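Take a look at the structure below.
The values are calculated or read from the model by the stated rules, or taken from the named source; none is laboratory data. Every value quoted in this text rests on a predicted model; they were computed, and no experiment measured them. Counting neighbours? That spans all protein chains shown, and the Cβs are built from the backbone with ideal geometry, glycine included. Surface areas here come from the heavy atoms of the whole protein model, side chains and all, with no ligands, DNA or RNA. Shrake-Rupley method; radii C 1.70, N 1.55, O 1.52, S 1.80 Å.
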Amino acid sequence: MKTFRSPGLWLTLGIVIVAAGFPLLAGSASLREMMFVVLMSVTLASSLNILLGYTGYVSFGHIVFFGLGGYVGFYTMAELGWNLLPATLAGGVAAAVLAFLLGKSILRLRGAYFALATIGINEALKAFVNNFGPFGGPTGMELHFSVYKNYGGATQALWTTYWGLVLITLLVVLTSFLVKRSKFGLGLMAIREDEDAAEVMGVVAPDAKTWAFVLSAIFPGLIGVLFFFKNGNIEPEDAFRLQLSIEMIVMLMLGGQGTVLGPVIGGATYQRVRGFLLTSPIFKNMQLAVAGLLLLLIVLFIPSGAVGWLRARNDTLRRLLE
Amino acid sequence: MILELKNVTKQFGGLTAVDNVSFSLPKGQILGLIGPNGAGKTTLFNCISGVYSLTSGQVIFNQQDITDCKPYHAAHLGLARTHQIVRPLNELTVRENVTVGACFGREDHGLVEATRIADEIMEFVGLEERADVLAGSLNVAQKKRLEMARALAARPYLLLLDEVLAGLNLSEVAEMLDTIYQIQEKGISIIMIEHIMHAVMNVSDHVIVLNYGELIAEGTPEAVAENPQVIEAYLGSPELADKLLED
Ligand SMILES: Nc1ncnc2c1ncn2[C@@H]1O[C@H](COP(=O)(O)OP(=O)(O)O)[C@@H](O)[C@H]1O
Ligand SMILES: [Mg+2]
């Protein structure tokens, strides 16, 4: 397969693998916790990229899939006694189904209307879960500590969760690449550039957009389950955090939307910067303001993000970076 | 017949942009569609290609009723068009633009075969040297060719050309006309909207004239050019009418 000879794919996968391997080499739990946040950001940004970067639809409420997936997976573990693996898959499926149903309705909206609708859906689902008895209402659900025994104790469970996340991150990078290089992806990019012209050329935009939305929803759904499993409890305020939704967009724009490497770089950089800001008392309460300012600066000065900017420099970089 | 329109009407609020238009186009012919600005020519293309839904009437393409088809359905059946105001996919390369046409058009090719067809078509319309640049960086004449290339890459049965000659200089017009003849030789039927009279009159097998949305005349280029109603309604001024007759 010629497609797999792309240096850009291997470069991106290599970066993820090397970064993900550090905590193991160092045997360090704190390094692992740091990388967990980084990889989670990379996955969120990469999955959003399939919708925003390739298809051109800005989803402001994308975190709804993380929250819903987290809730459904958590419910199967806490209430039905499922294992982490099937629970994670259930979270992914739940997110995909929601995206499919939404895709048929709200993807008809364009531009700002679509963006606003996604925020509305996140808030609506948060309100629903707040009042939904089986999910524990406003107080959410907890995992009994003994659950972790099934995974060889709490420490081992944390490592297992971490490797699950690494696997999902590699999968999302691979998916993002394969979509970009496929006929399906070409259709998405045609929609991004001019949806009406794309339809005139035969692209079945309603279907293509729906599948892009579904793909971009699955991964947040999967990692929502891992995140809350590790967390031990889940609450509406944590699951449907609009702030994280906005940060996803910042990470993606920072690294470069429409590229495979961009969300990886953007997610990692943003989380490192944020980690630094959190330790500084002056910035601690201004994270969102900083994120907003950053987004503004990116849109004004490097609208194609770091990787997009580099790719536009010369042909070698264009070939090397995907 | 490749295309038949029966009493096609399109209204925008109170404005009737296309008014009860009927005509038919035999396979393999070039039909010239002329009329003053605002006559409803582009709107008629939008009605045929499924971009607008009709207020009333019927569109039959290749024995199939496509009146309620979406643009992509019409494309899959073998109908392709260009846009008067060009619509390049700016951030994609020229090759990718043309590949979209081949991928999603009538023959529904995979990427590899579609890219091969794109290369062939780019050479045919003379864009091969620009294949790897972004479509947004082309000049107007090249963008018009790109519109044409994308439409051709779909391997359509019927091609709708909306003012592909407008804004081109004399030699570019000559090249484009040559390309249009070659397309016809491939057996593709064409409807072309055009303002450059000598071009339409030379190229078309048949001409129809729209004025305020109504079809006011049809026939051979010669017959239409001499039709007093056309001269009066279409051109409005005697000098221009003389010019039409000279051409
Ligand atoms: N989408 C639209 N909404 C409202 N009016 C329109 C629309 N499209 C075209 N029109 C009107 O329909 C008439 C015909 O326009 P058009 O088909 O573009 O003319 P032509 O291509 O013959 O110059 C014009 O009066 C134009 O303003
Ligand atoms: Mg027009």
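Which whole-angstrom value gives the distance between the alpha carbon centres of region A:264-308 and region A:24-80? About 18 Å separates the Cα centre of region A:264-308 from the one of region A:24-80. Whole-Hz Karplus values for region A:132-145 come out as 9, x, x, 8, x, x, x, 8, x, 10, 10, 9, 5, 4 Hz, taken residue by residue from phi with 6.51 cos²θ - 1.76 cosθ + 1.60 and θ = phi - 60°; glycine and proline positions read x. For a label point 7 angstrom out from the Cα of residue A:79 toward its Cβ, which stretches of region A:131-175 have the backbone nitrogen within less than 19 Å? Taking a point 7 Å out along Cα→Cβ of residue A:79, the residues of region A:131-175 whose backbone N falls under 19 Å are A:131-145, A:147. Our note on the geometry: Cα centres of region B:2-47 and region A:183-200, 27 Å apart. For the set B:92, A:174, solvent exposure ranked by accessible area (probe 1.4 Å, protein chains only) runs largest to smallest as A:174, B:92. Taking trypsin sites (Lys or Arg not before Pro) across region A:102-153, the ones in a DSSP loop with at most 15 further Cβ atoms lying within 10 angstrom of their Cβ are A:108, A:110. What does the helix-only formula give at 222 nm for chain B: each DSSP H stretch with n ≥ 4 adding -39500 (n - 2.57), the total divided by the residues, and the result rounded to the nearest 500 deg cm²/dmol? Helix contribution divided over all residues of chain B: -11000 deg cm²/dmol.
Per-residue Karplus couplings for region B:86-93, computed as 6.51 cos²θ - 1.76 cosθ + 1.60 with θ equal to phi - 60°, are listed in order as 4, 10, x, 7, 3, 8, 9, 6 Hz, Gly and Pro entered as x. The slack in the chain from residue A:287 to residue A:110, taken as 0.36 nm per residue of separation less the alpha-carbon distance, amounts to 60.8 nm. Amide H to amide H distances under 5 Å link residue A:240 with no residue, where only residues 5 or more positions off or on other chains count and H is placed in the peptide plane. Reported to the nearest whole Å, the Cα centre-to-centre distance from region B:88-120 to region A:138-163 is 50.
GluC sites (Glu not before Pro) within region A:74-150: which are DSSP loop residues with at most 16 other Cβ atoms inside 10 Å? Display every interim value, and only then the final one.
Working: sites: A:79, A:123, A:142; in loops: A:79.
Passing sites in region A:74-150 are A:79.
Taking trypsin sites (Lys or Arg not before Pro) across region B:127-229, the ones in a DSSP loop with at most 13 further Cβ atoms lying within 10 angstrom of their Cβ are B:186. Return the FRET efficiency for the residue pair residue B:120, residue B:56: r is the Cβ-Cβ distance, R0 is 51 Å, and the value is rounded to the nearest 0.05. Efficiency, from the Cβ-Cβ distance: 0.80. Oblate is the label for region A:118-235, because a/c, from the alpha-carbon gyration tensor with a ≥ b ≥ c as root eigenvalues, is 1.5 or above and a/b does not exceed b/c. Placing pseudo-labels 7 Å out from each Cα toward the beta carbon at residue B:91 and residue B:11 gives an inter-label distance of 4.1 nm.
The relative contact order of region B:88-155 comes to 50 percent, based on Cα pairs under 8 Å that sit 6 or more residues apart. Using θ = phi - 60° in the Karplus curve 6.51 cos²θ - 1.76 cosθ + 1.60, the 3J(HN,Hα) couplings for region A:115-130 round to 4, 5, 4, 5, 4, x, 5, 4, 5, 5, 5, 4, 4, 5, 5, 4 Hz; x is entered for Gly and Pro. Taking a ≥ b ≥ c as the square roots of the eigenvalues of the alpha-carbon gyration tensor, region B:69-169 is classed oblate because a/c is 1.5 or more while a/b is no larger than b/c. Note on chain A: with a GNM built from Cα contacts shorter than 10 Å, the maximum mean-square fluctuation among A:205, A:96, A:45 falls on A:205.
Which log10 I(q)/I(0) values, to two decimals, does the protein assembly as shown give at q = 0.09, 0.10 Å⁻¹ under the Debye formula with one point per Cα? Summing over Cα pairs of the protein assembly as shown leads to -0.76, -0.87.
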